[in-house]
Amino acid sequence: MPKEDIIYVHTPVVASPASEDSAVGIADLRGKTVGFIGNGFSNAHIVLERLKEVLQERFQIGRVVWRGALPPGILPKAQENALHQEMAAECDFVVTGVGS
């Protein structure tokens, strides 16, 4: 019997976003451009790289765009906002770092 990988994703409970903050869902990931923003946490790159591999294997994602890898919290807010805008313009969806 083949070994199946299981990826657990923890999503903290937060208030529902306002409708203007909500993103439109993506029905099919095939061929989509995926962005990954590393946040510099220890071993985050390992988790993000594995997630990229799973998305490629299971959902046939298209192009992958990487940004970040700096230690967490060192980007000034203006640069952080610019990075988010850049990734939003270039990617169909973005995975932003990992945390503890």
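Bear in mind these aren't lab numbers, they're just calculated from the coordinates by the rules spelled out. As the structure is a computational prediction, the values presented were derived from the model and not from experiment. So basically every Cβ, Gly included, is an ideal-geometry build from the backbone, and we count neighbours across all protein chains shown.
The figures follow:
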| item | result |
| --- | --- |
| Extension gain (nm, one decimal) between residue 65 and residue 26, 0.36 nm per residue minus Cα-Cα | 12.3 nm |
| Residue 47/residue 79 FRET efficiency (R0 25 Å; Cβ-Cβ; nearest 0.05) | 0.60 |
